[in-house]
Amino acid sequence: MYLCTRIMEKEQKQNNSRTYLYIAAVGLVVILVLIVYFLFIPLSRHEEPHYIYIDADDTQDSVFAKLDTIANKAAMTGFMNIARHSDYSENIRTGRYVVNPGEGAFTIFRRLKNGHQTPLMLTIPETRTMDKLAAVLGQKLMLDSATIAQALTSEETCNHYGYDTCTIPALFVPNTYEVYWNTSLENFLKRMQKEHDRFWQGQREAKAAKIQLTPVEVCTLASIVDEETANNQEKPMIAGMYLNRLKQQMPLQADPTIKFALKQFELKRIWQKLLQTESPYNTYKNEGLPPGPIKIASVQGIDAVLNAVPHDYLYMCAKEDFSGTHNFATTYQEHLKNAAKYTKALNEKGIK
C-alpha cells in the first residue's frame, strides 16, 4: 500500500513538472511573439517613405514625439522600450533618417542609433544675393540661415576659400548635389570649393585663360549676361558684345548692374537719373567689370562667356516686341535708333 502511494505521488510530481514546463514553454512563446510583434511589425503606418529630422536640440523624448507622428502605436511602444533600455538618450545623433514602409522598430532604432542617415539632393539656385542663398540653404539644411549669411559676408571666411565678400558668389556652381542634412558649414563650403574646382578644371579653365579672364571674372560677366536675357541661345552674342567693350576699354553700361547697386531688382525701366547712382557696381560710371558677380552665374551664362560669338557689335538694346531678345548695333547711331523703338514701345505700354 505504501509503495503504491509513493508511486502515485511520483507520477503526480512528474505530471506537475510537465505542466509547469508546458506553461513555461507557452509563456516563452507568447513573450517571443510579443517581442516580434512590437519590434518587427512596421513602425510606419504610411505606405510611402517618411523622413525624421533630428537636430542638435533634440532629446530622447522629442525623438519619440517626431516618430509618433508617423508610427503605429504598438510598434512605437517597442521602439521606446528598446531606446529606454539602451544608452540612446546619451548618444542621439543628428541627421535626416528615412522610415520606409515595412521596417520595424528595431531596424529604425539601429539606423538612428548608428547615425545611418539618408542624404538629400540639394540644389544651389542662381540667387542674386548671398542673403537669399543663405535663406534657401537654411530651409534645406540643419544650418541656421543667419549663420550662413554671416559667413558669406565675413571677409575672414571668404578669404579662407580664396574670395572676398564681393566675389564669393563665384564659388558656387548652380547644380544639384547629394549632401547630408546635418553637414557643418565648414564641410559645406569645402564641398562647394571641390565642386567649383571640378567644374573649372580642364577646358573651362583653358578657355578663360584664352580670353584673358580669371574664373571669377568670367562668373562676373556671366552674371550680367544672365540678367540681360533668359534666352540661352542669345547669351553667347551678348557675351561677345561685352567682351568687345572690355577690349576697347569702354564702360559696359549694363542695366542689370544698376538694379544690383540699388538692390531694386523689380525695376522694369532704367531712367537717366538712376545712371548717376554712386556704386562700384555702376558700370555706366565705372569702366571694366564690377567688383564681383551680381548673382550666382548659371552654367549656361558661364559657357556663353567662354564660347562667346565673335562679332563687331558694341551696342545692344532690348527688342521692341518684348521677346526678351535684343537688337545689336556696331555704331552709336544705329543703337540710338534701336533705343528709340524700344522707348516708344515702353511708353505705349505705360511701363515706368
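The values are calculated or read from the model by the stated rules, or taken from the named source; none is laboratory data. Note that the coordinates shown come from a computational prediction; the quantities given were computed from them, not determined experimentally. FYI the Cβ positions are ideal-geometry reconstructions off the backbone, even for glycines, and counts take in every protein chain you see. Protein only, heavy atoms only, side chains kept; ligands, DNA and RNA dropped before computing areas. Shrake-Rupley method; radii C 1.70, N 1.55, O 1.52, S 1.80 Å.
To the nearest 20 debye, what is the magnitude of the charge dipole of region 256-352 about its Cα centre, counting +1 on the Cβ of each Lys and Arg and -1 on the Cβ of each Asp and Glu?
Once rounded to the nearest 20, the dipole reads 480 debye.
Measure nothing fancy, just the Cα-based angle from helix 130-140's long axis to the longest principal axis of the chain, in degrees from 0 to 90, nearest 10.
Approximately 20 degrees, to the nearest ten.
Using only the alpha-carbon atoms, how far is helix 215-228 inclined from the longest principal axis of the chain? Give it as 0 to 90 degrees, nearest 10.
80 degrees
With point charges of +1 on the Cβ of Lys and Arg and -1 on the Cβ of Asp and Glu, referenced to the Cα centre of the chain, which listed residue (Thr153, Gln117, Ala208) lies farthest in the positive direction of the dipole?
Toward the positive end, the furthest listed residue is Gln117.
How would you rank 330-343, 312-325, highest first, on the average number of other Cβ atoms within 10 Å across their residues?
So the order, starting with the most tightly packed, is 312-325, 330-343.
Using only the alpha-carbon atoms, what does region 217-339 span along each of its principal axes? Please give whole angstrom values in decreasing order.
Per principal axis, max minus min of the Cα coordinates gives 33, 32, 29 Å.
Hey, if you put +1 on the Cβ of every Lys and Arg and -1 on every Asp and Glu Cβ in region 54-185, which of Thr69, Ala170, Ala134 ends up farthest toward the positive end of that dipole?
The listed residue farthest towards the positive side: Thr69.
With a 1.4 Å probe and all protein chains left in place, how much accessible area per residue does the chain have, in Å²?
56 Å²
Among the listed pairs Lys247/Lys344; Lys210/Lys247; Lys210/Lys259; Lys235/Lys341; Lys207/Lys259; Lys207/Lys337, which are separated by more than 25 Å between their Cα atoms?
As for pairs spanning more than 25 Å Cα to Cα, those are Lys247/Lys344; Lys210/Lys259; Lys207/Lys259; Lys207/Lys337.
Please give the Cα centre distance for region 250-281 versus region 63-117, rounded to the nearest Å.
The two parts, judged by their Cα centres, are 55 Å apart.
By how many degrees, 0 to 90 and rounded to 10, does the Cα axis of helix 235-247 deviate from the longest principal axis of the chain?
On a 0 to 90 degree scale, this one is about 50.
Counting each DSSP H run of 4 or more residues in the chain as -39500 (n - 2.57), what helix-only mean residue ellipticity at 222 nm follows after dividing by all residues, to the nearest 500 deg cm²/dmol?
So the helix-based figure for the chain works out to -16000 deg cm²/dmol.
Rank-order 78-88, 164-174 by packing density, defined as the average count of other C-beta atoms within 10 Å over each peptide's residues, highest first.
Top to bottom by mean Cβ count within 10 Å: 164-174, 78-88.
What distance in nm separates the simple spin-label points at Asp144 and Thr77, each placed 7 Å from Cα in the Cβ direction?
In this crude spin-label approximation the distance works out to 4.1 nm.
Students often check this: by mean Cβ neighbours within 10 Å, which of 62-71, 294-303, 203-212 ranks highest, and how do the rest follow?
294-303, 62-71, 203-212
What length, rounded to one decimal in nm, is gained on full extension from Gln333 through to Arg110, with 0.36 nm per residue of separation minus their alpha-carbon distance?
Net length gain for the segment: 72.9 nm.
I'd like the carbon and sulfur percentage of the solvent accessible area for the chain, probe radius 1.4 Å, heavy atoms only, ligands and nucleic acids excluded.
52 percent
Report relative contact order for the chain in percent, whole number only (criteria: Cα-Cα under 8 Å, sequence separation at least 6).
That works out to 14 percent.
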